[in-house]
Amino acid sequence: MKPNSLSCLKKNRSNMAQAFQKIFTQITAITKATCSLKASGVGNDELATVNGKLAQVVKIMGDDVTLQVFQGTEGIPTNAEVVFLGKAPSLKVSDQLAGRFFNAYGDPIDGGPAIEGKEIEIGGPSVNPVRRKQPSELIATGIAGIDLNNTLVSGQKIPFFADPDQPYNTVMANVALRAQADKIILGAMGMTNDDYLYFKNVFSNAGVLDRIVSFVNTTENPAVERLLVPDMALAAAEYFAVEKHEKVLVLLTDMTLYADALAIVSNRMDQIPSKDSMPGSLYSDLAKIYEKAVQFPEEAGGGSITIIAVTTLSGGDITHAIPDNTGYITEGQLYLRRDSDIGKVIVDPFRSLSRLKQLVAGKKTREDHPQVMNAAVRLYADAANAKTKLENGFDLTDYDNRCLSFAKDYSEKILAIDVNINTTEMLDIAWQLFATYFKPEEVNIKQALVDKYWKN
C-alpha cells in the first residue's frame, strides 16, 4: 500500500518548486527518521520532499528546520534536494469518502477512483467551547457492557483499555456495525494485514460500507505515518458533522502504537524523554486528538463527533504514561476482560466508567435503566465477594450461591461482547434474572419500578 501521492509529488516536483521557489540542497544533520537544514519562509507542519521522499516540518528554531521523513532517511545524502511544497497535509472531502479505504496520506487503497472534493488541511484546532452543546444524545452500540452499564453520549471521548491479546479489533468492528450513527470513521494504526482484511471483509459482507470511512496504516508502512491517521480520520469526521450535520462516531485503534510513533520521532530528534520513554508533549498530543469530540447545538445543525479509541496496555499496567495521560483527558474508560466463568470477553463492569452516562440513562432510555444498572452491578459485586470467600475456604450462604449463579447468567446473557441486543432487551433480561435468583427486597429497586417491571 504505497502512497499514490508520493508518485504524484515526484511528477509535479519541478512545477511546485518553480511555484514556491523553496529548494535547498544542504542538509546539516540526518537521523534515522529526520533531517535538518537551514531554510527560511517555511511553515509549521509544511510538507516537503527530501530526495523524492515525502517529509513534514516538525521543528523550527530560527532558520534551523527539522523534517520528519515518513519513509526513513536511508539513502539520503547531505546534498539531497529538499523541496518545500507550501502546504500542510490535507484531505479531499466529499460524500465520495463513504465506503472507501485510504492510507495515512488520504489516498485510496481499495482500488477505487481518487476522491473529488474540497481540499482541507488536517490537524486544525478543536471547536471553540462557546460553540459546543452539553452532550445529550444516546450513542447505542448493541454491547450491554457499554449501553447498559456505561452508556455513551454523542460528543463524548472515551478509551478502550485492553491487553494486546484481547479481541479489541473485533469489538471495534462490532461497534461499527451496530452503532446508531450516521457515519463511522475508522482510524487504524499499526494494523496487521490480516486485521485490515478482517475489517474490510466484515464491512463489505454486512453491507454497511455506505456509512463507513477507513484510514489504515499497516505494519508494512513506516511507523511515523501513524501520526497522520488520527488527523485524517478527524478531518473526515468534521466534514460530515459540520457540513452534513451528521452524528459521527470515530473509532481509533491503537493509540499506544500512535504514541510509540511519537516516541520514535522524539527520540530521533534527541529530545529528552519523559515518563516511560514517551515525549514530554504526550499529553498535548493526545489532547489535540480527543478534544475534537463535540456535540453541536441545534442552531448549528446538531452534528456531533464521538471518539472511542483503543489503548493497549503493557501487562495490564494502567500507570504507564499512555493510559495515565489518556485518563486525564477523556470522560471515563472501558475495560475488556475475559470472564473465566463463561470463557468469553466482557466489558468489565468494575473497572469501566462513563462519566456522562447520567445525561442519557433514564432520560433517553427507559425509566428503570439507572436503578437496574446499579442493582445488577451491586449483585455482580456480591458474586465477586462470594467467589473470594470460596477461594479462601469459607462456607457460602444461600445468598452467595444465588449471586454466583446470577453473575454467570448476567455475563453470558448480557455482558458478553458477542451479545447484540438493544437497551430495552437488556433491561428486560436483567429483570428476568433478578426474578430468577432473588426476592424483590434483595434487589433494592424502587417499589414503583418493581411493581411495573418485575417478571413473575
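Looking only at helices (runs of 4 or more DSSP H) that fall completely inside the range 379-455, which ones have 3 or more residues that are under 17 Å from LYS344 (Cβ atoms)?
398-410, 423-437
Contact list please: Cβ distance under 7 Å, first residue in the range 114-131 and of a type in the set (A, V, I, L, M, F, W, C), second residue exposed (fewer than 14 other Cβ atoms within 10 Å of the Cβ) and in a loop (DSSP other than H, G, I, E, B), pairs at least six apart or on different chains.
Within 7 Å, the pairs are ILE115/SER94.
Filter the range 76-103 for residues that are among the hydrophobic types (A, V, I, L, M, F, W, C) and not in a loop (DSSP other than H, G, I, E, B) and give the result.
VAL82, VAL83, PHE84, LEU91, VAL93, LEU97, PHE101, PHE102
With the condition kept exactly as written, say whether any residue in the range 224-241 is of a type in the set (Val, Ile, Thr) and under 22 Å from ALA140 (Cβ atoms).
No, the range 224-241 has no match at all.
Given the conditions (1) within 13 Å of GLU243 (Cβ to Cβ); (2) crowded, with 17+ Cβ neighbours inside 10 Å; (3) free of Cβ contacts under 8 Å to residues at least 40 places away in the same chain, and given that LEU97 satisfies all but one, which numbered condition is not satisfied?
(3)
Would a scan of the range 18-26 turn up a residue that is of a type outside the set (A, V, I, L, M), part of a strand (DSSP E or B), in contact (Cβ under 8 Å) with a residue 12 or more places away in the chain and closer than 20 Å to ASP285 by Cβ?
Among the residues of the range 18-26, not one is of a type outside the set (A, V, I, L, M), part of a strand (DSSP E or B), in contact (Cβ under 8 Å) with a residue 12 or more places away in the chain and closer than 20 Å to ASP285 by Cβ, which makes the answer no.
Out of all the residues in the range 258-276, which are touching a residue at least 24 places away in the same chain (Cβ under 8 Å) and of a type in the set (S, T, N, Q)?
SER274
Kindly list the number of the only condition in (1) at pLDDT below 90; (2) crowded, with 23+ Cβ neighbours inside 10 Å; (3) in a loop (DSSP other than H, G, I, E, B) that fails for GLY106.
(1)
For the range 363-401, give me the residue count where each residue is of a type in the set (S, T, N, Q) and in contact (Cβ under 8 Å) with a residue 24 or more places away in the chain.
Number of matching residues: 2.
Which residues, taken from the range 72-94, are among the polar types (S, T, N, Q) and buried (at least 21 other Cβ atoms within 10 Å of the Cβ)?
Residue satisfying the conditions is THR73 alone.
Can you name the condition, by its number, that MET426 falls short on among (1) surrounded by fewer than 16 Cβ atoms within 10 Å (Cβ to Cβ); (2) within 18 Å of ILE143 (Cβ to Cβ); (3) touching a helix residue (DSSP H, G or I) at 6+ places or on another chain (Cβ under 9 Å)?
For MET426, the failing item is (1).
Criterion first (modelled with pLDDT under 90, closer than 23 Å to ALA263 by Cβ and polar (S, T, N, Q)) does THR73 satisfy it?
yes
Considering each residue of the range 158-205, count those that are surrounded by fewer than 16 Cβ atoms within 10 Å (Cβ to Cβ), in a helix (DSSP H, G or I), in contact (Cβ under 8 Å) with a residue 12 or more places away in the chain and not polar (S, T, N, Q), and give that number.
Matching residues across the range 158-205 total 1.
Could you list all residues from the range 121-139 that are surrounded by 13 or more Cβ atoms within 10 Å (Cβ to Cβ) and closer than 14 Å to LEU356 by Cβ?
Within the range 121-139, ARG132, LYS133, PRO135, SER136, GLU137, LEU138, ILE139 meet the criteria.
The values are calculated or read from the model by the stated rules, or taken from the named source; none is laboratory data. Note that the coordinates shown come from a computational prediction; the quantities given were computed from them, not determined experimentally. Heads up, the Cβs are rebuilt from the backbone with ideal geometry, glycines too, and the neighbour counts pull from every protein chain shown.
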